[in-house]
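Since every read-out is calculated from the coordinates, none of them should be taken as a lab result. Quantities reported herein were computed from a predicted structural model and do not represent experimental measurements. Note: ideal-geometry Cβ built from the backbone for every residue, glycine included; neighbour counts use all protein chains shown.
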Amino acid sequence: MKRARLLLGAVLLLAAAAAAVAPRQWTLRTFDDFLRGKSEGIAIEADGGLALAPPEDKIDGPSEDFYLSWALDSDGTGYLGTGHGGKIYRLGKDGKAELYFQTSEMDVTCLLTGPKGVLYAGTSPNGRIYKITAPGKGQELFNPEERYIWDLVLSPAGSLLAAVGESGGIYEISPEGSGRPVFKSDQNHILCLKLGSDGALTAGSGGAGLVYRLEKNGGKTVVVFETPFEEVRAAAFDPEGNLYVSAGGTIKAPRGEAVSAPAAVPGGVDVSIAVSAAAQAAVPAGPAAARPAVVAGLKEPGAVYRIGRDGLARRIWFSPEEQVYTLFWNEAEGKLYFGTGPKGRLYTLDRREKAALLLQSEAEQAYACVPDGPRFYLLSNNPAGLSRISPGRRLSGEYQGPVWDANLTSQWGRIEWEAVVPEGGALQIQSRSGNTAEPGPTWSDWSPPCRNADGEPILSPKGRYLQVRALFKSTSAESGPVLSKLNVNFLQANAAPEVTRLEILGPHEVYLKPPDMNEAIWGLESRLPDAGTKPDEIRMIAAKKTERRGFRTIVWDGQDENGDVLEYAVALRKDGDTNWRTIEDRWAEEIFAFNTVHYPDGIYQVKVTASDALSNPEGMEKTGERTAGPLLIDNAAPEIRGLEVVRAEGRLTVSFTAVDAFSPVTDARVLLRPGDWRVVFPEDGIADSKSESYKLRLAIPNGADGLVTILVRDAAGNAAAVQRAF
């Protein structure tokens with residue numbers, strides 16, 4: 001017999017669900033709500049709401065695969081390092097790019113302007129540092145054994161500090177090109193450097209994601225924080241001396257966000273860094289090479305940590321799919337700025353540590369930010385781009401909300417919003433709909449604009465999916481419209497409920513209804529919930545399974561895509577009949593038990609019909625059904641026919657036939673007192689048919705009472721017995 005387990009959580013006892021006739025609502029209000037959409041020239045404020053983003057002046061840069069580094073000299077001239085052609089370009093104030101220097105390497109990973117117009121360039125994958133003094137005039141300044149130069153800074157003494165990779169470390173290089181290692185790490189890479197106001201040097205590693213502090217004048221080196229990520233790739237200080245670092249890549253293991261202040265440098269760590277797809281294609285075979293800097297579509301977790309002057313570190317921003325490539329402290333705004341990928345977003349964190357989206361780039365990676373007074377330059381990749389971001393607000397922008405899924409074809413109701421639109425500004429809301437998860441040619445066009453914030457009917461045609469967009473315009477760079485909340489109402493089409501599973505338990509099998517202690521049979525009584533009441537808490541209690549003579553139990557699963565309250569009707573149809581006989585028509589639970597003694601023996605089919613009438617107006621209800629069978633009702637005992645008992649020579653010869661109308665005969669036994677019951681096999685050796693013949697010879701025991709008793713049972717558990725004298 002197949003064993004079944006039934007959990008009360010599997011047969012959900014829900015009092016009610018939201019009625020289908022009630023409209024539903026989507027809302028955009030919080031920062032996370034708005035972040036699910038796509039912004040073009042739109043910022044998302046920390047407390048939620050949309051506003052025009054700062055002006056972005058795009059600079060027509062050279063045609064190169066990647067823009068990897070940027071530096072500014074004192075007169076505002078910019079220098080752009082590229083990959084994979086190894087070129088450095090100079091961009092004057094007129095924005096025109098000219099080739100400044102051609103390196104012998106693939107990638108110019110970092111640039112630094114020094115005294116007297118000198119430009120330093122770190123390159124990979126052969127780890128050369130160049131000193132460039134004029135267009136086309138430069139020389140190799142230093143060539144360490146390591147293959148990657150990740151960052152350059154000038155020390156207070158005027159020497160050059162270089163972060164290297166493949167075997168992570170830091171070199172100090174004189175203006176003449178003599179270099180010495182000042183720090184040798186057990187990490188694969190040192191990815192970033194940052195000098196503090198006290199002269200100490202902060203370094204971030206690739207491998208185990210460590211943050212180092214190197215005291216000035218060759219003092220002790222300590223680990224101030226071990227992140228749970230593989231890489232620390234950018235660092236910045238605020239005026240109070242708090243350190244901010246970005247971490248990303250694979251998460252090593254869960255750990256607490258608060259740690260103690262400086263620990264000794266750990267040893268024995270050997271963690272390789274992932275190689276980007278682009279770098280793999282171009283770098284000769286060898287040790288693991290570059291961090292995944294500009295891989296298209298790369299989704300890996302990223303975080304920003306704040307390390308206070310007391311040494312305690314705390315995560316202040318996290319994304320499961322956005323890496324942080326760059327960050328800097330903007331003192332004029334009192335905020336931390338950082339760029340991410342693969343959605344090309346530039347965020348800010350204020351002193352409350354609340355995040356806001358400053359802008360979203362058309363490229364996948366907001367790769368590097370370089371401040372220039374109140375402005376800053378942004379390097380982006382996939383595709384490569386260069387732009388200058390200025391204070392204030394741009395004059396127009398567009399926000400496209402997330403694609404909302406109503407799960408069913410739906411009728412759209414009203415759209416309403418809350419916004420502040422200053423004089424000279426304009427805000428228009430539009431919608432479009434379709435039946436595919438991604439908007440495409442089969443979707444409707446954008447609707448005519450809605451202008452009444454108190455609410456207007458949505459003009460898009462019925463569909464499963466809906467998207468809204470907001471168009472912002474302003475005549476002033478100082479202010480513009482701010483959209484703080486948007487609601488969309490909709491009504492799903494009523495879908496027919498379904499009975500997705502229907503199972504007939506074995507004869508006599510029942511469940512005892514939990515948590516009652518009086519062993520009430522589950523499925524004998526049911527109370528329909530009131531429409532519109534809230535669902536009861538689902539109880540995960542295992543129901544006890546047992547047997548009750550004559551009972552049959554049916555269990556099923558019902559579902560409704562509208563979340564309607566369902567009621568069920570249970571019906572039987574005997575083989576040979578044409579009509580169904582309803583035995584219960586308003587049943588709330590997904591289990592039904594009944595006593596078969598009230599029904600004629602026979603083979604039946606079972607039908608369960610689900611209805612959503614409790615949640616819909618009369619005439620709008622729908623039903624769904626499922627049938628199962630056979631269900632055998634057999635309460636009649638088998639017959640013992642042709643019994644013959646012959647006594648001869650101290651033995652009995654007993655023969656008989658056991659016959660049942662519906663169930664196989666499964667068991668036969670004989671009793672000769674004072675002996676015990678003995679099992680008897682049929683003449684064909686297997687008790688598996690509705691008619692079985694038996695013949696046996698028994699020795700008559702001493703003290704026999706002269707009676708032989710025959711007992712037979714069928715598969716339904718019915719028994720018959722007969723006694724004969726001899």
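Observations on the model:
- Region 321-394 and region 103-175 have Cα centres separated by 25 Å.
- For the peptides 116-125, 628-637, 220-229, residues were scored by their other Cβ atoms within 10 Å and the scores averaged per peptide; the highest-first order is 116-125, 220-229, 628-637.
- Across region 437-443, coupling constants 3J(HN,Hα) worked out from phi with the 6.51/-1.76/1.60 Karplus curve, θ = phi - 60°, read 5, 10, x, x, x, 7, 6 Hz, and Gly and Pro carry x.
- Beyond 21 Å in Cα-Cα separation lie the following of the pairs 87/137; 194/216; 87/131; 38/473; 38/58; 58/485: 58/485.
- Label-point separation in nm, residue 137 to residue 74, each point 7 Å along Cα→Cβ: 1.9 nm
- Looking at region 639-725, the pairs of alpha carbons with a distance over 17 Å make up 43% of the total.
- Region 56-388 gives an Rg/Rh value of 0.93, both radii derived from C-alpha positions and Rh following Kirkwood.
- Residue-averaged [θ]222 nm for the chain, counting only DSSP H segments that reach four residues, each worth -39500 (n - 2.57): -500 deg cm²/dmol
- Partners for residue 252 among lysines (Cα-Cα distance below 17 Å; same-chain residues under 8 apart left out): 299
- The listed peptides 688-701, 333-346, ordered by packing as a protection proxy, come out as 333-346, 688-701 (highest mean of other Cβ atoms within 10 Å first).
- Rg and Dmax [Cα atoms of region 353-503; Å; Rg one decimal, Dmax integer]: 20.0, 74
- Averaging the sequence gap over all C-alpha pairs within less than 8 Å and six or more residues apart, then dividing by the number of residues, gives the chain a relative contact order of 11 percent.
- Counting every alpha-carbon pair across region 164-224, the share separated by more than 14 Å comes to 54%.
- Stokes-Einstein diffusion for the chain at 10 °C, viscosity 1.306 mPa s, with a Kirkwood radius from C-alpha pairs, works out to 49 µm²/s.
- Solution diffusion estimate, µm²/s, Stokes-Einstein, region 532-666, Kirkwood Rh from C-alpha pairs, 20 °C, viscosity 1.002 mPa s: 114 µm²/s
- Region 311-432 - convex hull of the alpha-carbon atoms, volume per residue in Å³: 186 Å³
- Relative contact order computed over region 639-725 (Cα-Cα under 8 Å; 6+ residues apart), in percent: 32 percent
- Values of log10 I(q)/I(0) for region 549-616 across q = 0.22 Å⁻¹ run -0.97, by the Debye formula with one identical scatterer at each alpha carbon and no solvent.
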